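Colleague: Shown below is the structure under consideration.
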Amino acid sequence: MCVKIITDMEFIEQFIFGDPEMVDRLSDDYTDHNQFFPQFQMWVGFYEDNVFKAILSVEKVSSVVLKVHIHIPNIHRGERSFHMANVLLKWVEKHSDSRYVKINAEIPEYHKDVIRFAEKNGFKIFGVDEKSHMKNGKLHSRVFLTKPIKR
């Protein structure tokens, strides 16, 4: 198992937009490939047996809060998903500046499996942004979750 920062923006774009199922899960009705700027986030990859299996995007929300989103292709989802996410989150906790106190996530309400997955990884729901996500012509709420950084 290996975790490392990914700086190849073309690789990231191909990973995100090259998989129609991933695009559908991540996007809303107004997602524009041309408005995707991966260079404004940090990307951390999970490798197992030299095979790339998952990526975590990390973004600064404020001077003390980070926001993450894990991307696991369908072929790598399953019982190992929790382990991959847990390893990536621990990596962020270990390598982030000590001023950061928590990690947030925003998940559309219709991804109940992802919300449960986040909770299993130590996130707690702290709010809902109602009707803030448009998918297939319908407004949905986003669930906000948070996890304190343990050092």
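The values are calculated or read from the model by the stated rules, or taken from the named source; none is laboratory data. Note that the structure is a prediction, hence the values are computed from the model and not measured. So basically every Cβ, Gly included, is an ideal-geometry build from the backbone, and we count neighbours across all protein chains shown.
Colleague: Kindly indicate the residue of the range 80-136 that is among the hydroxyl-bearing types (Ser, Thr, Tyr) and more than 16 Å from TRP43 (Cα to Cα) and also surrounded by the fewest Cβ atoms within 10 Å (Cβ to Cβ) among those meeting that condition. Before the answer, list the steps.
Modeller: Of the residues in the range 80-136, the ones among the hydroxyl-bearing types (Ser, Thr, Tyr) are 81, 96, 98, 100, 110, 132.
With more than 16 Å from TRP43 (Cα to Cα) added as a condition, the list becomes 81, 98, 100, 110, 132.
On the way: SER81: 17, SER98: 7, TYR100: 19, TYR110: 15, SER132: 14.
Result: SER98.
Colleague: Filtering the range 129-151 down to residues that are in a strand (DSSP E or B) and of a type in the set (Lys, Arg), which residue is nearest to TYR30 (Cα to Cα)? Before you say what the answer is, go through the steps one by one.
Modeller: Keep residues of the range 129-151 that are in a strand (DSSP E or B), which gives 129-135, 138-148.
Still in the running and of a type in the set (Lys, Arg): 131, 135, 138, 142, 147.
Details: LYS131: 15, LYS135: 9, LYS138: 12, ARG142: 16, LYS147: 29 Å.
Ranking the candidates gives LYS135 first.
Colleague: Go over the candidates ILE12, ILE72 one by one and state the one that is surrounded by 13 or more Cβ atoms within 10 Å (Cβ to Cβ), without any contact (Cβ under 8 Å) to a residue 24 or more places away in the chain and within 25 Å of LYS135 (Cα to Cα).
Modeller: Details: ILE12 fails: without any contact (Cβ under 8 Å) to a residue 24 or more places away in the chain.
Only one candidate qualifies: ILE72.
Colleague: Could I ask something else about it? State the number of residues belonging to the range 137-147 that are touching a residue at least 40 places away in the same chain (Cβ under 8 Å) and surrounded by fewer than 13 Cβ atoms within 10 Å (Cβ to Cβ). Steps first, answer last, please.
Modeller: Initially, the range 137-147 is screened for residues touching a residue at least 40 places away in the same chain (Cβ under 8 Å), giving 137, 144-147.
Then drop every residue that is not surrounded by fewer than 13 Cβ atoms within 10 Å (Cβ to Cβ), which leaves 137.
Matching residues across the range 137-147 total 1.
Colleague: Answer with yes or no whether GLY122 is assigned to a strand (DSSP E or B) and at pLDDT 95 or above.
Modeller: Working: assigned to a strand (DSSP E or B): no; at pLDDT 95 or above: yes.
So GLY122 does not fit the description; no.
Colleague: While we're on this one: Which ones in the range 81-95 are β-branched (Val, Ile, Thr) and either assigned to a strand (DSSP E or B) or farther than 15 Å from ALA105 by Cβ (or both)?
Modeller: Initial filter on the range 81-95 (β-branched (Val, Ile, Thr)): 87, 92.
Answer for the range 81-95, where residues must be β-branched (Val, Ile, Thr) and either assigned to a strand (DSSP E or B) or farther than 15 Å from ALA105 by Cβ (or both): just VAL87.
Colleague: Across the range 21-49, what is the number of residues that are surrounded by fewer than 11 Cβ atoms within 10 Å (Cβ to Cβ), without any contact (Cβ under 8 Å) to a residue 12 or more places away in the chain and not charged (D, E, K, R)?
Modeller: Residues of the range 21-49 surrounded by fewer than 11 Cβ atoms within 10 Å (Cβ to Cβ): 21, 30, 32-35, 37, 39-40, 49.
This time we only want the ones that are without any contact (Cβ under 8 Å) to a residue 12 or more places away in the chain, so: 32, 34-35, 37, 49.
If we keep only those that are not charged (D, E, K, R) as well, we get 34-35, 37.
Within the range 21-49, residues that are surrounded by fewer than 11 Cβ atoms within 10 Å (Cβ to Cβ), without any contact (Cβ under 8 Å) to a residue 12 or more places away in the chain and not charged (D, E, K, R) number 3.
Colleague: When you scan the range 78-91, do you find a residue that is of a type in the set (Asp, Glu) and either more than 22 Å from MET1 (Cα to Cα) or in contact (Cβ under 8 Å) with a residue 24 or more places away in the chain (or both), even just one?
Modeller: Residues of the range 78-91 of a type in the set (Asp, Glu): 79.
Narrowing further to those that are either more than 22 Å from MET1 (Cα to Cα) or in contact (Cβ under 8 Å) with a residue 24 or more places away in the chain (or both): none.
Among the residues of the range 78-91, not one is of a type in the set (Asp, Glu) and either more than 22 Å from MET1 (Cα to Cα) or in contact (Cβ under 8 Å) with a residue 24 or more places away in the chain (or both), which makes the answer no.
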